[in-house]
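To start, the structure under review is shown below, and the notes come after it.
The values are calculated or read from the model by the stated rules, or taken from the named source; none is laboratory data. Being a predicted model, the structure only gives us computed values, none of them experimental. We place every Cβ from the backbone using ideal geometry, glycine too, and count neighbours over all the protein chains shown.
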Amino acid sequence: MSEFEQTLSRAHRGFVLKLILAAAVFLVMLGTVFLALYFPRGVSVEVLPEEAGEAAAYSIVEGRAMFLSNKAILISRQATAKVSAPGFITATVPLSAGEKSVRVELQPAPARIVLTIEPVLPDIEWTVNGKETHVGERLEMEVAPGPVSVSIDHPCHEVETVRIEPGGGETVERHIDLVPVSRSLRVNSFPSGATVILDGKKRGETPLTLDGLGGGSHELELSLGDHLPVRDSIRVTNRAGDLVRDYLMQVKSATLEISVSPPGGELTVDGRTVASSTPVGLAPDRQHIVHYRKDGYIPLTRQFTLDPGQRETVSLALSVETGKVAVRSVPPAAVVLNGKPLGPTPQTLTLQTIEHTIVLDRPGYRQSEIRFTPDPKLPLLIDKTLEREAVAKLAESPEQATGPAGITLKLFKPSGIRFTLGAPASEPGQRANEFLRDTVLDKPFYAGVSEVTNEQFDRFSGGSSANPSHPKTGISWAEAARFCNWLSDQEKLERVYLLDSAGNVRGYNPRATGYRLISEAEWEWLARVAGRSGTHRFVWGDSVRIPDKTGNFADESGKGVLSRIIPNYDDGYPGVAPAGSFTPDPNGLYDLAGNVSEWVHDVYHLAPPAEGAVEVDPLGPQAGSSHVVKGSNFRTARVSEMRSSFREGLTGPRDDIGFRVARYVYGGEP
């Protein structure tokens with residue numbers, strides 16, 4: 001194709017394109033006229049405020065419609081329009097075919113302010129429109145359009161106030177230079193003439209005015225001759241104006257260092273207790289009184305007057321203070337002073353005036369302990385009459401006591417009573433082993449009010465008997481002795497019975513205060529003499545007739561069981577009865593006659609006493625193969641065996657033999 005033809009072709013295509021474009025514009029205009037004619041009732045959108053309406057732009061975000069200026073032509077019955085204007089917040093408006101117009105009020109868009117300062121400080125307080133808003137080196141925030149007042153506060157700079165009036169959606173940036181705080185300081189001292197040092201630099205003497213103090217803390221120091229230095233921290237801020245400080249200079253105190261001998265006493269200065277190891281500050285140019293005292297020493301007082309700043313050292317050494325003490329006792333006794341033996345009384349002593357303890361000690365007498373403090377002016381007399389140990393111990397002992405395992409004991413005080421053990425040959429039923437023995441009981445003792453029961457013995461043995469309230473029977477004398485040692489252990493008393501490594505009894509300690517079996521002499525004295533007028537054959541008296549409820553013997557209830565019974569006597573028990581079931585004797589003791597016989601402490605022997613011999617608190621030989629059994633039992637039917645002097649010697653247990661315990665109130669020679 002030639003160049004001409006090509007040019008002609010391009011011109012033809014351009015003409016066709018313009019023709020199509022003109023046709024399209026015509027069709028749009030024709031469509032608009034058609035819509036306006038076909039839909040004559042569109043919805044007008046009124047936008048407030050006026051300045052927003054003048055610049056408003058409209059668009060459809062939902063439904064089918066179109067805008068001609070501010071009028072929405074709805075094709076669908078419902079639609080949603082978006083209205084926007086510069087400086088305002090975009091709003092959406094619902095449109096409906098039945099409406100003629102709608103009104104929408106656009107809200108101003110927030111403004112933004114960005115404020116910075118010089119110098120840059122991290123702790124600036126920003127207050128916007130009177131409300132504290134932020135602490136930091138800059139302020140960046142949104143605000144409502146219109147006037148804004150911003151206050152900028154830092155303690156070391158003057159307060160600055162910035163006023164801004166941003167428009168909606170506008171960003172305003174400002175940079176503010178802060179003015180440093182500057183104040184004057186007036187320094188006065190009393191007395192005047194003190195050297196003033198501020199922040200390490202000497203600035204002059206009081207009275208003094210210092211100008212140009214910047215914000216922040218400043219260290220102030222005043223010094224003046226014999227006066228104590230004054231240090232103060234001055235803080236300058238924008239909260240206050242010029243400063244004035246008045247200082248009262250105090251005179252330097254004096255110092256007193258005190259050493260004392262001996263240590264541990266009471267040291268006072270002007271009546272105030274102080275420690276000797278700590279220097280004491282004192283007001284100068286006045287008199288001070290130092291006093292030191294300790295028990296057992298002569299107190300010391302000194303007076304001091306010191307110059308300002310003077311440092312003095314003083315030593316206070318006390319002298320021992322003594323007093324005279326005379327010590328006497330009846331009878332003479334060994335003197336032990338503070339644990340050190342001094343010899344027998346009387347004693348005349350010179351002692352330090354502190355508390356001392358003297359113990360007066362004599363065998364057989366209650367030890368006497370005296371605490372005292374000698375008087376340096378008046379001699380002290382200690383004069384004591386010692387009490388016999390036996391008398392003191394007896395005075396402390398109750399009339400009735402409960403021992404281990406619940407055993408009840410009663411106190412008896414024979415006090416040297418003399419009586420005769422055994423029975424004369426002329427007494428009906430007397431046996432050859434009932435020697436007449438002249439006896440004295442002197443030592444007070446406790447005796448069980450009844451025989452030891454099964455329940456009480458079970459606490460020692462760990463057993464569980466069928467009849468807990470019955471007397472314990474069927475045990476050997478040695479088993480009864482070991483039970484007594486166990487009782488002693490429970491009360492931490494010295495054991496009476498001496499055992500070998502196998503647990504066999506090899507003797508006894510007559511001086512011990514632990515539990516033991518009642519002695520034959522004690523048993524017979526209780527059964528025949530104690531609490532009675534004279535000496536009697538039976539526990540109940542001298543009549544062979546047994547009073548009712550006296551005891552458990554071989555009675556009518558034992559017919560068919562026992563080989564021999566007592567006619568016309570019925571105690572209700574064919575066998576062993578519970579301990580304490582019958583009427584007690586005049587001493588309040590149960591079952592000395594009847595129920596079960598009793599092992600006693602003594603070894604059984606058949607050697608008659610020497611002529612004219614008197615036995616005092618006899619306990620018998622140390623060891624032997626058999627031991628004495630006293631008292632009748634539930635099998636006894638013969639009157640001769642019911643006599644209190646009746647005695648047997650046995651080696652082994654029997655089901656009608658129990659035992660009763662006793663113990664001395666105090667130890668010592670038997």
Can you find even one residue in the stretch 364-383 that is touching an Asp or Glu at 6+ places or on another chain (Cβ under 7 Å), touching a residue at least 24 places away in the same chain (Cβ under 8 Å) and among the aliphatic types (A, V, I, L, M)? no
What about GLU598, is it acidic (Asp, Glu) and either within 60 Å of the chain's Cα centre (by Cα) or surrounded by 15 or more Cβ atoms within 10 Å (Cβ to Cβ) (or both)? yes
Name the strands (runs of 3 or more DSSP E) wholly inside the stretch 35-112 in which the number of residues that are β-branched (Val, Ile, Thr) is 3 or more. 43-48, 71-84
Using beta carbons and a limit of 9 Å, which pairs, at least six apart or on different chains, have the first residue in the stretch 189-205 and outside any strand (DSSP E or B) and the second one of a type in the set (Ser, Thr, Tyr)? PRO191/THR206; SER192/THR206; GLY193/THR206; ALA194/THR206; ALA194/SER223; ALA194/TYR247
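Considering the stretch 150-180 alone, what residues qualify as being farther than 18 Å from ASN238 by Cα, surrounded by 13 or more Cβ atoms within 10 Å (Cβ to Cβ) and modelled with pLDDT of 85 or more?
Result: ILE164, PRO166, VAL172, ARG174.
Filter the stretch 384-419 down to the residues that are without any contact (Cβ under 8 Å) to a residue 60 or more places away in the chain and of a type in the set (Asp, Glu), then identify the one that is farthest from PRO584 (Cα to Cα).
GLU387
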Assuming ASP438 fulfils every condition listed in (1) under 47 Å from the mean Cα position of the chain (by Cα); (2) part of a strand (DSSP E or B) apart from one, which condition is it? (1)
Restricting to the stretch 386-406, name every residue that is among the hydrophobic types (A, V, I, L, M, F, W, C), outside any helix (DSSP H, G or I) and within 30 Å of ARG459 (Cα to Cα). ALA401
When THR237 is run through (1) crowded, with 16+ Cβ neighbours inside 10 Å; (2) in contact (Cβ under 8 Å) with a residue 60 or more places away in the chain, the failure sits at (1)
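Let's see how each residue does on (1) over 53 Å from the mean Cα position of the chain (by Cα); (2) surrounded by fewer than 14 Cβ atoms within 10 Å (Cβ to Cβ); (3) assigned by TED's automatic domain parsing to the domain that holds LYS630:
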position	(1), (2), (3)
ARG366	no, no, no
GLN400	no, yes, yes
LEU409	no, no, yes
GLU427	yes, no, yes
ASN433	yes, no, yes
ASP442	yes, no, yes
Are any residues in the stretch 246-258 among the hydrophobic types (A, V, I, L, M, F, W, C) and part of a strand (DSSP E or B), and if so, which ones? LEU248, VAL251, ALA254, LEU256, ILE258
Provide a single number: the residues in the stretch 247-288 that are of a type in the set (A, V, I, L, M) and either touching a Lys or Arg at 6+ places or on another chain (Cβ under 7 Å) or farther than 20 Å from LEU318 by Cβ (or both). 6
Can you tell me which residues in the stretch 633-670 are part of a strand (DSSP E or B) and closer than 18 Å to ALA521 by Cβ? ARG647, GLU648, GLY649, PHE659, VAL661, ALA662, ARG663, TYR664
Within the stretch 553-562, does at least one residue satisfy the condition of being polar (S, T, N, Q) and assigned to a loop (DSSP other than H, G, I, E, B)? no
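Scan the stretch 220-245 for residues that are assigned to a strand (DSSP E or B) and within 12 Å of LEU185 (Cα to Cα) and report the count.
Qualifying residue count, the stretch 220-245: 7.
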Counted residues in the stretch 206-219 being over 53 Å from the mean Cα position of the chain (by Cα), in a strand (DSSP E or B) and surrounded by fewer than 17 Cβ atoms within 10 Å (Cβ to Cβ) come to 4
PHE457 at pLDDT 95 or above and more than 45 Å from the chain's Cα centre (by Cα): no
Hey, GLY463 hits all of (1) at pLDDT below 95; (2) touching a His at 6+ places or on another chain (Cβ under 9 Å); (3) not hydroxyl-bearing (Ser, Thr, Tyr) but one; which does it fall short on? (2)
